[in-house]
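Step one of this worksheet: look at the structure below.
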Amino acid sequence: MLGPGQDADGGKRNMSRLRSGTVGRRFTLLYAAGFLGSGIVLLALTYLMSGGRITSVAPGQPPADPSAGATAQQVAELRRQLAEVHAQTSRQWLLGSLAALVVMAGLSLLLGRILAGRVLRPLRLITAATRRISAENLDERLAVTGPADEVKELADTVDGLLE
């Protein structure tokens, strides 16, 4: 019984060759670009939902020193109001981020499906052509053209079997 990564002779296949193949690169680049783009859109939506402003006031810390000419009660009331505003802003950011995340998750799934369909189209064509070849037309070949990648190697192997 052969282990993973072994060929019929029992030797190890060159795993780095499989990992660096053109189809693998295409999958990696397309998905990475798709999800990176999704992340960028998510950040942009979050920024736009914040009204284009990012506040950095922490709860309990007024932006300026109100103690000059203010009573302790006024300072406490100002801090309470700021904490309330901060809590409300945090809830709005959380809800907005969750809504944007749901939208981007749906778009990412759609984008992933489209990208996978494009990348796997050559394999579907090879599968359909192989199914068409029957005992009556064994002289027909797949004759796939394109870069020397895993897809071409698969098509050439099927062509070799048909000979």
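A few notes on this one:
- Tabulated pairs, region 94-123, first closer than 30 Å to residue 50 by Cβ, second at pLDDT below 80 and of a type in the set (Val, Ile, Thr), C-beta under 9 angstrom, 6+ apart or interchain: 96/46; 97/46; 100/46
- Residue 91 meets each of the listed conditions (1) modelled with pLDDT under 80; (2) loosely packed, with under 11 Cβ neighbours inside 10 Å apart from (1).
- Close pairs from region 130-147: first without any contact (Cβ under 8 Å) to a residue 24 or more places away in the chain, partner surrounded by 10 or more Cβ atoms within 10 Å (Cβ to Cβ) and of a type in the set (Lys, Arg), Cβ under 7 Å, at least 6 apart: 144/152
- In region 75-92, residue farthest from residue 47 (Cα to Cα) [restricted to those that are more than 41 Å from the chain's Cα centre (by Cα) and charged (D, E, K, R)]: 77
- The residues of region 147-163 that are under 26 Å from residue 26 (Cα atoms) and in a loop (DSSP other than H, G, I, E, B), listed by number, are 147, 148, 149.
- Pairing each residue of region 71-83 that is charged (D, E, K, R) with any residue that is surrounded by 13 or more Cβ atoms within 10 Å (Cβ to Cβ), provided the two are 6+ apart or on different chains, yields C-beta distances under 9 Å for 79/59; 79/62; 79/66.
- Single residue of region 123-146 satisfying the filter (surrounded by 11 or more Cβ atoms within 10 Å (Cβ to Cβ) and of a type outside the set (A, V, I, L, M, F, W, C)) that is farthest from residue 27 (Cα to Cα): 140
The values are calculated or read from the model by the stated rules, or taken from the named source; none is laboratory data. The model shown is predicted, which means the values in this text are computed figures rather than measured ones. Note that each Cβ is placed from the backbone with ideal geometry, even for glycine, and that neighbours are counted across all protein chains shown.
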